[in-house]
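Working notes, beginning with the structure itself.
The values are calculated or read from the model by the stated rules, or taken from the named source; none is laboratory data. Keep in mind it's a predicted model, so treat the numbers as computed, not measured. No Cβ is skipped: glycine too gets one built from the backbone with ideal geometry, and neighbour counts run over all protein chains shown. Just the protein is used for accessible areas: all its heavy atoms, side chains included, with ligands, DNA and RNA removed. Shrake-Rupley method; radii C 1.70, N 1.55, O 1.52, S 1.80 Å.
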Amino acid sequence: MSKLPIKLHVISELDEINQQIMPLKALADRERSAIYGLTGMVYTPHIDDYMQASIKKAAILACLKEQGILALSKVELISTALDSLHKRARNNAIVEYDGNRYQRRFSPLKLSKSGKVVSKWARYWFLQSPNGKVDTEWEYQVREIWPAYFLIRTTDL
């Protein structure tokens, strides 16, 4: 049995998804501020729509980069280098690379059915500012490149 051909993306699809994301982000931000401080299960349709569009955008970007249409970003290149140099870095470990300090972060990517045990972790690096805080532009790029890292899913049945 032959495999289905993989759909390759084009730049125009990236422009379309960027146009879709703009209003979704505004709605998601308003919803996020409205539910700030609430606990428990909160219905968040705008945030969910925004995250799904962000994941679609990340898939298009990854496809374009694999095709060689877009170049890998500085964040991706440095993250790959840091991953290969510091494979066993723990959460919040700080390392030096090319004169900058980077902090290793882990966040839960997949939970068990009960929601009590993390079965898969997302691993990424944040650039540290000279004052010791996370560089906001770097964090924005990490969230744009790997939006699925910031969603928590339970295991499928």
- The relative contact order of segment 1-105, taking Cα pairs under 8 Å that sit 6 or more residues apart, comes to a percentage of 23 percent
- Query: In segment 29-99, which trypsin sites (Lys or Arg not before Pro) fall in coil by DSSP and have 12 or fewer other Cβ atoms within 10 Å?
  - Reply: Lys87, Arg88, Arg90
- Among the lysines, which have Cα under 17 Å from the Cα of Lys56 when same-chain residues fewer than 8 positions away are ignored? Lys7, Lys25, Lys65
- Note on the structure: Under the helix-only model (-39500 (n - 2.57) for each DSSP H run of 4 or more, divided by the residues of the chain), the mean residue ellipticity at 222 nm, to 500 deg cm²/dmol, is -15000 deg cm²/dmol
- Quick one: with all protein chains in place, what share of the accessible area of segment 1-98 is carbon or sulfur, to the nearest percent (1.4 Å probe)? 59 percent
- Take His46, His9 and sort them by solvent-accessible surface of the protein heavy atoms, 1.4 Å probe, largest at the top. His46, His9
- Message: About the Cα centre, and with charges only on the beta carbon of Lys, Arg (+1) and Asp, Glu (-1), how big is the dipole of segment 1-121? Nearest 20 debye, please.
- Response: 700 debye
- Find the relative contact order for segment 48-157 and round it to a whole percent, using C-alpha pairs within less than 8 Å whose residues are 6+ positions apart. 25 percent
- At least 15 Å along the helix axis (C-alpha) and Kyte average at least 0.5, DSSP helices within the chain: 74-85
- How big is the equivalent ellipsoid of segment 98-157 along its three axes, where each semi-axis is √(5λ) from the Cα gyration tensor, reported in whole Å from largest to smallest? 28, 11, 8
- Accessible area per residue in Å² at 1.4 Å probe, computed on the chain: 71 Å²
- If Val75, Val134 are ordered by their accessible area, calculated over protein heavy atoms with a 1.4 Å probe, which sequence runs from highest to lowest? Val134, Val75
- Task: Using +1 at the Cβ of each Lys and Arg and -1 at the Cβ of each Asp and Glu in the chain, identify which of Ala28, Asn91, Ile17 lies farthest towards the dipole's positive end.
- Result: Asn91
- Message: Which three numbers, in whole Å and largest first, are the semi-axes of the equivalent ellipsoid of segment 33-151 derived from its Cα gyration tensor as √(5λ)?
- Response: 26, 20, 16
- Message: Of all beta bridges DSSP finds with both residues in segment 25-157, what is the antiparallel percent, to the nearest 5?
- Response: 90 percent
- Cα atoms only, segment 47-113: Rg and Dmax in Å? 15.2, 43
